[in-house]
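Below you'll find the structure, written out as structure tokens, and then a few comments.
The values are calculated or read from the model by the stated rules, or taken from the named source; none is laboratory data. Fair warning: this is a prediction, and the values are worked out from it, not measured in the lab. Counting neighbours? That spans all protein chains shown, and the Cβs are built from the backbone with ideal geometry, glycine included. Protein only, heavy atoms only, side chains kept; ligands, DNA and RNA dropped before computing areas. Shrake-Rupley method; radii C 1.70, N 1.55, O 1.52, S 1.80 Å.
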Amino acid sequence: MDITTLGLQQTSELLKKKEISSVELTQEYLKRIDEKDGELKSYITVTKDKAIEQAKIAQEKIDNGSATVLTGIPMAIKDNICTENVLTTCASKMLENFIPPYNATVMEKLDAQNIVMLGKTSMDEFAMGGSTQTSAFAKTSNPYNKNCVPGGSSGGSATAVSADLCVASLGSDTGGSIRQPAAFCGVTGIKPTYGRVSRYGLVAFASSLDQIGPIAKSAADCGTILNAICGSDPHDQTCSLNPVPDFNALIGKGVKGLKIALPKEFFDKGIDDEIKQSVMNAAKEYEKMGAELVECSMPSLKFAVPDYYLLACAEAASNLSRYDGIKYGHRSKEGDSYAELVINSRSEGFGDEVKRRILLGNYALSSGYYDAYYAKALAIRQRIRQEYAKIFENCDVILTPTTPTVAYGKNEKITDPVAMYQEDICTVTVNIASLPAISTPCGYNKDNMPIGMSLVGKPFDEQTIISVADAFEQNFKSVKPVL
Amino acid sequence: MVKYLAQLSKLKFSEKELEEVAKQMTGIISLMDKVKEIDISYDPLLDNKNIYLNDLRKDEKKESMPTEKILSNAVNSNNCFVVPKVVE
């Protein structure tokens, strides 16, 4: 048995039963990263020494009986989550040498349970993209076909889980950045309800949409990690005060009597036939298990992509104005005045896609255009929220494809921003409406590339979508990538 | 237009880059123009439910992050940030 293929629960059992020590387990993963990641490039930084140190402490906890389910579990962390004294680059030249002086709240919470951090994973620069090809340091490959993209922006985190280079990982999701790479790499990822997880220490992209979440080998493993990272935080006033339940409490209760809605616009033209078929087959599986399928409609889906890009880029343009080359981040060697230094530092530090989004954001916010673009985008956001609320009056969860296509070639689309943006059609409305959604594999296309389906839940009802995803996973035969 | 946006964004482009960026921005903005097809307006009273005001932090004196930590990612001179001369 190859220990790196195991999920979180099984790995935790082995540690608890002392069939393997935390240090041995960590070394197994580091060895595999050495062997496989040269080609896959899922990590930007591998924190080998820190991992061994953390594993030793984890073993002490296991030995003295104070371990939790996450103690000693080797995890990978997306490189936009601040890790004290560990390089956090956001895959940008702007933060190439940035060493955070503090931990993100999620890291404090995971460290309190003594996880082992194997390293920081690659992503699209500043989480802006769906391919991980805009990373300044590691253009990650898809484990199922190394000529294809792993998706993004959390492409490194998804690849690392899919290729058994960690047990589970953290990603972040602003418009699909956890769910889309999870779908492309054949693994499970959840974007929690906005406000479930503290954003303190997550490098800001679009603050009203960003949310941290886990990517793992199953829905239950995602739930276990969510149990650890959720909860209110004095450092983030948008973090909810709602009580945090056991997210895995409904697992095994079945889907009998549950209403699953299928919005017809998500199965329209523009979505690959194989994907439609695969998601519909999953819907039929649920029907066999006793769920009721409900038809529904989201007329505003046609506005979702421009709506998302206007909101996200307006917020990004504001958030990224903090990079001036002075307090931290890339500082240009050229520039005799303050203004010149700022312009040069930003122009040298940011990549092309980040620059485009800053330009678009400032366009939408600028005098004379604000009402036509940004205020209209806010209005459409309200409309999309209302449409979701109406659908949920008559169902428990919503089922959609996660992506319109499977993972595409590394040289396709990525030079055409408009084509790239339209790829986000299936995921962005969830962020716009602040809802939770989980993506899990539901099939493979004719070229054996993974297909993902998404289950969208009511606000703060992660429990239901995790249990519904788990119900499908129990009978789904997943196929590992051949590396 | 792109020159003006670049100025607002504190970014600079070479003439050649400007040409390419202008082309791409034209495509992107025509995608964004889709939002003009719907005539609805924003109601600010419906929003801001995501700010939790009933658990505001107490206004208490607390230890700040040490200066050397704050400056650890900057050019540091005598515990100050260094900027080009701003006053003649």
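Hey, among B:Val21, B:Val82, B:Val86, which residue is open to solvent by less than 100 Å² (accessible area, probe 1.4 Å), free of Cβ contacts under 8 Å to residues at least 12 places away in the same chain and facing another protein chain (nearest Cβ under 9 Å)?
Among B:Val21, B:Val82, B:Val86, only B:Val82 is open to solvent by less than 100 Å² (accessible area, probe 1.4 Å), free of Cβ contacts under 8 Å to residues at least 12 places away in the same chain and facing another protein chain (nearest Cβ under 9 Å).
I'd like to check something: does the range A:449-467 contain any residue that is under 17 Å from A:Val149 (Cβ atoms) and within 15 Å of the chain's Cα centre (by Cα)? Write out each step before concluding.
Within the range A:449-467, the subset under 17 Å from A:Val149 (Cβ atoms) is A:449-452.
Those still in the list that are within 15 Å of the chain's Cα centre (by Cα) too: A:452.
Yes, because at least one residue in the range A:449-467 is under 17 Å from A:Val149 (Cβ atoms) and within 15 Å of the chain's Cα centre (by Cα).
Name the residues in the range A:410-426 that are within 26 Å of A:Ser207 (Cβ to Cβ) and touching a strand residue (DSSP E or B) at 6+ places or on another chain (Cβ under 7 Å), would you?
A:Cys426
Which residue out of A:Val418, A:Val406 is touching a residue at least 24 places away in the same chain (Cβ under 8 Å) and of a type in the set (A, V, I, L, M)?
A:Val406
Looking at the range B:54-79, which of the residues that are outside any loop (DSSP other than H, G, I, E, B) and facing chain A (nearest Cβ under 8 Å) is most open to solvent (accessible area, probe 1.4 Å)? Quick ask: steps written out before the conclusion?
Start the filter on the range B:54-79 by keeping residues that are outside any loop (DSSP other than H, G, I, E, B), which leaves B:54-55, B:67-73, B:76-77.
Subset that is facing chain A (nearest Cβ under 8 Å): B:54-55, B:69-70, B:72-73.
Values: B:Asn54: 129, B:Asp55: 81, B:Lys69: 66, B:Ile70: 81, B:Ser72: 71, B:Asn73: 33 Å².
The selected residue is B:Asn54.
Name, by its number, the condition in (1) within 10 Å of another protein chain (Cβ to nearest Cβ); (2) more than 21 Å from A:Pro299 (Cβ to Cβ) that does not hold for A:Tyr421.
(2)
Any idea which of A:Lys253, A:Lys284 is basic (Lys, Arg) and closer than 30 Å to A:Ala407 by Cβ?
Testing whether each residue is basic (Lys, Arg) and closer than 30 Å to A:Ala407 by Cβ leaves just A:Lys284.
Would it be correct to say that B:Ser9 is within 22 Å of A:Lys376 (Cβ to Cβ) and either surrounded by fewer than 17 Cβ atoms within 10 Å (Cβ to Cβ) or more than 8 Å from chain A (Cβ to nearest Cβ) (or both)?
no
Across the range A:80-109, what is the total count of residues that are open to solvent by less than 10 Å² (accessible area, probe 1.4 Å) and touching a helix residue (DSSP H, G or I) at 6+ places or on another chain (Cβ under 6 Å)? Step through it out loud before you land on a result.
Start the filter on the range A:80-109 by keeping residues that are open to solvent by less than 10 Å² (accessible area, probe 1.4 Å), which leaves A:80-83, A:88-92, A:94-95, A:100, A:104, A:106-107.
Restricting the remaining residues to those that are touching a helix residue (DSSP H, G or I) at 6+ places or on another chain (Cβ under 6 Å) gives A:80, A:83, A:89-92, A:94, A:106.
The total comes to 8.
Does at least one position in the range A:133-141 carry a residue that is modelled with pLDDT of 95 or more, within 23 Å of A:Ala469 (Cα to Cα) and of a type outside the set (D, E, K, R)?
Checked the range A:133-141: no residue is modelled with pLDDT of 95 or more, within 23 Å of A:Ala469 (Cα to Cα) and of a type outside the set (D, E, K, R).
Please go through the range A:291-337 and give me each residue that is buried (at least 17 other Cβ atoms within 10 Å of the Cβ), hydroxyl-bearing (Ser, Thr, Tyr) and over 22 Å from the mean Cα position of the chain (by Cα), ordered by number.
Those that are buried (at least 17 other Cβ atoms within 10 Å of the Cβ), hydroxyl-bearing (Ser, Thr, Tyr) and over 22 Å from the mean Cα position of the chain (by Cα): A:Ser300, A:Tyr323, A:Tyr328.
If you scan the range A:59-79, which residues turn out to be of a type in the set (D, E, K, R) and either out of contact with any strand residue (DSSP E or B) (no Cβ under 6 Å at 6 or more places or on another chain) or open to solvent by 10 Å² or more (accessible area, probe 1.4 Å) (or both)?
Across the range A:59-79, the qualifying residues are A:Glu60, A:Lys61, A:Asp63.
What number of residues within the range A:409-455 are of a type in the set (Phe, Trp, Tyr) and open to solvent by 10 Å² or more (accessible area, probe 1.4 Å)?
Quick first cut of the range A:409-455, residues of a type in the set (Phe, Trp, Tyr) only: A:421, A:444.
Narrowing the set further to residues that are open to solvent by 10 Å² or more (accessible area, probe 1.4 Å) leaves A:444.
The qualifying residues number 1.
Name the residue, out of A:Pro150, A:Pro181, that is in contact (Cβ under 8 Å) with a residue 40 or more places away in the chain, outside any loop (DSSP other than H, G, I, E, B) and of a type outside the set (Gly, Ala, Ser).
Step by step, each of A:Pro150, A:Pro181 is checked, and only A:Pro181 is in contact (Cβ under 8 Å) with a residue 40 or more places away in the chain, outside any loop (DSSP other than H, G, I, E, B) and of a type outside the set (Gly, Ala, Ser).
Every residue in the range A:12-58 that is hydroxyl-bearing (Ser, Thr, Tyr) and either without any contact (Cβ under 8 Å) to a residue 12 or more places away in the chain or touching a strand residue (DSSP E or B) at 6+ places or on another chain (Cβ under 8 Å) (or both), please.
Initially, the range A:12-58 is screened for residues hydroxyl-bearing (Ser, Thr, Tyr), giving A:12, A:21-22, A:26, A:29, A:42-43, A:45, A:47.
If the condition is that a residue be hydroxyl-bearing (Ser, Thr, Tyr) and either without any contact (Cβ under 8 Å) to a residue 12 or more places away in the chain or touching a strand residue (DSSP E or B) at 6+ places or on another chain (Cβ under 8 Å) (or both), then A:Ser22, A:Thr26, A:Tyr29, A:Ser42, A:Tyr43, A:Thr45, A:Thr47 are the ones that fit.
Of the residues A:Asp111, A:Asp124, only one is among the acidic types (Asp, Glu) and closer than 17 Å to A:Ser177 by Cα; which?
Selected residue: A:Asp124, the only one of A:Asp111, A:Asp124 that is among the acidic types (Asp, Glu) and closer than 17 Å to A:Ser177 by Cα.
Would you be able to tell me the number of residues in the range A:378-406 that are over 20 Å from B:Lys36 (Cβ atoms) and either basic (Lys, Arg) or open to solvent by less than 10 Å² (accessible area, probe 1.4 Å) (or both)?
Residues meeting the conditions: 12.
Exactly one of these conditions fails for B:Ser41: (1) more than 10 Å from every other protein chain (Cβ to nearest Cβ); (2) open to solvent by 80 Å² or more (accessible area, probe 1.4 Å). Give me its number.
(1)
Just give me the residues in the range A:145-177 being among the charged types (D, E, K, R) and farther than 26 Å from A:Leu435 by Cβ, in sequence order.
If we filter the range A:145-177 for residues that are among the charged types (D, E, K, R), which is where we start, we get A:146, A:164, A:173.
Listed by number, the residues that qualify are A:Lys146, A:Asp164.
Filter the range B:53-88 down to the residues that are of a type in the set (S, T, N, Q) and modelled with pLDDT of 90 or more, then identify the one that is nearest to the chain's Cα centre (by Cα).
Top of the filtered list is B:Asn73.
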